């Protein structure tokens, strides 16, 4: 409970979301769990006396009263109160007081009645039954029984006996002062309490608080019986605990869960500590009944319906409607589709039942209703769209670049991921057909769109009403409602769009997972037919309109220069390239957030923020309106031997990009998004297998350029002998020999590195080193494929060691039947599965490269040798002493205006030196820092202010002060350098800053944002 008062609610909600996802993933608990308590440490001997409070009659009275109130649905009895009550009971069971004379006369003076409980031991008081309770309640309370006094002497004596046995305590919410007066009243005062005369006819002035009257309630409950009945109420099941439940208790599953789990844990502990309590629990479980309020047919009963009960009724109504809809649809299919064969009808019925049975229900955080996402009333995920250049700043080296602190030091950006892909695309567009180039490489390394979510859903119409309320709200906000920005109504996380959820089943439906054991050639033909199928425009509905709007939001998130890479700006080819690159960007970023590999497996912090399943559906619906000409479809060249067409002239018709130059993960995303959804898993695996053949051949070609001429000759000679073997198509020696022989037909391919081969080298390429190199080259493709399969089909990601990652991913993707033992014995060539003759297909791919007579050898080699591995993005490495930075940069001249800036700033991403608020460097009304953030980080900038030692963050049209990563010897900041203390780098703070930059969480963690009006 302290957490709710000391921590922001959004942080508590985020922690609970992660905890819930963890329990669901490992099958520990599927509902909404309670916050876990910290594991209790042994109590210090000096505080052993506090345990006596747990075995105090007064506390037991309070616990009994609260349990009864919760069971009877009294007001102000929240779930937090029940959580604390159960925790106190569990504490008392875990900390039993030794039976002694001292315990019989506790040092705590208790002002309560002995008739409540016989002793102070919680274990014995649990099964003690309270028969009657005398209460002081307002005369208008539902507990007041409108009964006449007893008329006969027998009734009077019975009534007097009940009155003497009744305990004085309040069972309704009263003020604390009244509460204390009642529990502190002694026996003498209680004996003098008489039932007052009826005051129903007495006039009471308006506004006067109701008079308290004394009533006797028949309870006949114990704490054990209340716990069992609460268990029945919370589980919404009659006889939820059978009498034989305690015979075989599963104590392992009671560690985490909700209130039901907590009650089961308490009952299990109590039963193990006392045989009498065990018998009492079994008796109660055998005759438990639903709660009956003291006053029936009260008008307040309908108002007191629990929120969960109303939600359960709504779900039942929705399921009835869905079942009725399914039956009508089935009858329509039977009457209107008579021309279909029985097998087709059975398949349709099976598919319909699967969709209806596994319908995904979403909870709207605004209206609280739960239901599926439909065409007329779609449900959407709360998402944040932001442009990102994090991937573009990756380098080959794992060590971060050093910040220059002298004129001799420089930072070179030619080896970054963004620059390398830009050079590659420019070189392709120089010699090949533009439409083919835009299908051969991904963009989005600089200025790509990253989509992340808090995981909460809402109805689209509820979101529009919510946005209208925000526009009418006059309170100063830190975001722009006119630009679509808002905060999640539940967790208050920053967002700017809503991603529609596709109707129907989720990823768990098994109909699309079941393999049919079809041959590879059959699956290849099915995939080809699906690609040639013309895409249809989606029918106009509220869902399709919202999908069009979110596509516009995605396009408006980044700058236009990051979208138009084709020679014809605004062409469909540019739109096609941008759409599939959005999917590639999100896959790559999630891989970065997971540490660059899938060895950890399972869920991660990125898994909570990821919404790739819904994003893929929206992108696929948009990309289905595009179709690839069958004559230029890469799938044909990937799986068949085609006749090569001779071009009339280079200027008239440029050739297509050779298959060995194409980016294989980009082809995978194109194939998946352009085929009808949902895609059967066996067809998805077929696409993976065909693309792995190409990826492996590219790895062989790139590896062959690193060999010396005599090594190539040796491998060709040894590979010729391997070709005659039985499984030569799955031997890297035979395939490497074949690739070298085919590429050697063009002398210019290996001519570039001839000078390197003349130099003496001590390194020799052994079969083990070649196998390791091939696996490392193919690993990025396998990681993206496995991650895509995880989001599309819900397959679990299994953890493994780094040396076992290749074999583990190959098994997950169906490239290997099972993991070899030991995993180091796996051969990457054994994953190959060729649709036709492997050597003929390799010849076709190599001839596309050797036939490029119009390209220089260096250009052809740069496209052929493309290493897909990149290190994790890092900020610049800063010196330990801040004085080194200050002495070099505070008098350094700006590279743009050649003047010493008044407020110099330093970009921690690329090391650029800029003027903060400098009018001299302003361009079209925008100052240099804002311009640099748009160029370097796609509107995200991290700047160190030299004269203040603090860091500012620029995110779009907003900025905020982040703090300082340089602290003095006492761990304190020195903003504006007023104290003049020596400052030293705080590695922990700098790692936090870097983590927020990589994970794109500046908007969520930093709250003091303000508009910069392009003035920074």
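When the test is whether a residue is under 30 Å from residue 117 (Cβ atoms) and out of contact with any strand residue (DSSP E or B) (no Cβ under 9 Å at 6 or more places or on another chain), residue 48 passes it.
Looking across the stretch 642-663, the residues that are modelled with pLDDT of 75 or more, over 22 Å from residue 574 (Cβ atoms) and surrounded by 11 or more Cβ atoms within 10 Å (Cβ to Cβ) come down to 658, 659, 660.
When residue 929 is tested against the conditions (1) touching a residue at least 24 places away in the same chain (Cβ under 8 Å); (2) within 27 Å of residue 496 (Cβ to Cβ); (3) under 32 Å from the mean Cα position of the chain (by Cα), the lone failure is (3).
Residues satisfying the criterion are present in the stretch 874-891 (criterion: farther than 20 Å from residue 983 by Cα and outside the structural domain of residue 988 (by TED's automatic domain parsing)).
In summary, helices (runs of 4 or more DSSP H) completely within the stretch 575-641 and bearing 1 or more residues that are modelled with pLDDT under 85 and not assigned by TED's automatic domain parsing to the domain that holds residue 788 occur at 605-609, 612-623.
Does at least one position in the stretch 794-807 carry a residue that is at pLDDT 85 or above, over 29 Å from residue 416 (Cα atoms) and either within 38 Å of the chain's Cα centre (by Cα) or outside the structural domain of residue 723 (by TED's automatic domain parsing) (or both)? Yes. The set of residues from the stretch 448-478 being in contact with a helix residue (DSSP H, G or I) (Cβ under 9 Å, 6 or more places away or on another chain), at pLDDT below 90 and either part of a loop (DSSP other than H, G, I, E, B) or under 21 Å from residue 937 (Cα atoms) (or both) comprises 473, 477.
Only one entry of 748, 785, 773 meets the criterion of being under 23 Å from residue 866 (Cβ atoms) and at pLDDT below 90, and that entry is 748.
Against the numbered list (1) farther than 17 Å from residue 68 by Cα; (2) in contact with a helix residue (DSSP H, G or I) (Cβ under 7 Å, 6 or more places away or on another chain); (3) in the same structural domain as residue 121 (by TED's automatic domain parsing); (4) modelled with pLDDT of 60 or more, residue 229 comes up short only at (1). The listed residues are 392, 380, 444, and the only one of them that is part of a helix (DSSP H, G or I) and under 24 Å from the mean Cα position of the chain (by Cα) turns out to be 392.
Tell me the residue from 818, 862, 830 that is surrounded by 15 or more Cβ atoms within 10 Å (Cβ to Cβ), touching a helix residue (DSSP H, G or I) at 6+ places or on another chain (Cβ under 9 Å) and within 29 Å of residue 598 (Cβ to Cβ), please.
One residue alone meets the criteria, 830.
Within the stretch 431-441, the residues that satisfy the criterion of being surrounded by 20 or more Cβ atoms within 10 Å (Cβ to Cβ) and outside any helix (DSSP H, G or I) are 432, 438, 439, 440, 441.
Within the stretch 940-959, the residues that satisfy the criterion of being crowded, with 22+ Cβ neighbours inside 10 Å and either under 17 Å from residue 403 (Cβ atoms) or modelled with pLDDT under 90 (or both) are 941, 942, 943, 944, 946, 951, 956. Residue-level check: of (1) buried (at least 16 other Cβ atoms within 10 Å of the Cβ); (2) modelled with pLDDT under 90; (3) in a helix (DSSP H, G or I), residue 976 misses just (1). For the stretch 395-423, which residues satisfy the criterion of being surrounded by fewer than 16 Cβ atoms within 10 Å (Cβ to Cβ) and assigned to a helix (DSSP H, G or I)? Within the stretch 395-423, just 423 meets the criteria.
Filtered by the rule that a residue be within 28 Å of residue 998 (Cβ to Cβ) and surrounded by fewer than 18 Cβ atoms within 10 Å (Cβ to Cβ), the stretch 867-885 gives 867, 869, 871, 872, 877, 879, 880, 881, 884. Among the residues of the stretch 361-376, those that are within 14 Å of residue 502 (Cβ to Cβ) and touching a strand residue (DSSP E or B) at 6+ places or on another chain (Cβ under 6 Å) comprise 361, 362, 372, 373.
The values are calculated or read from the model by the stated rules, or taken from the named source; none is laboratory data. Only a predicted model underlies this, so the values are computations on that prediction, with no experimental measurement involved. Heads up, the Cβs are rebuilt from the backbone with ideal geometry, glycines too, and the neighbour counts pull from every protein chain shown.
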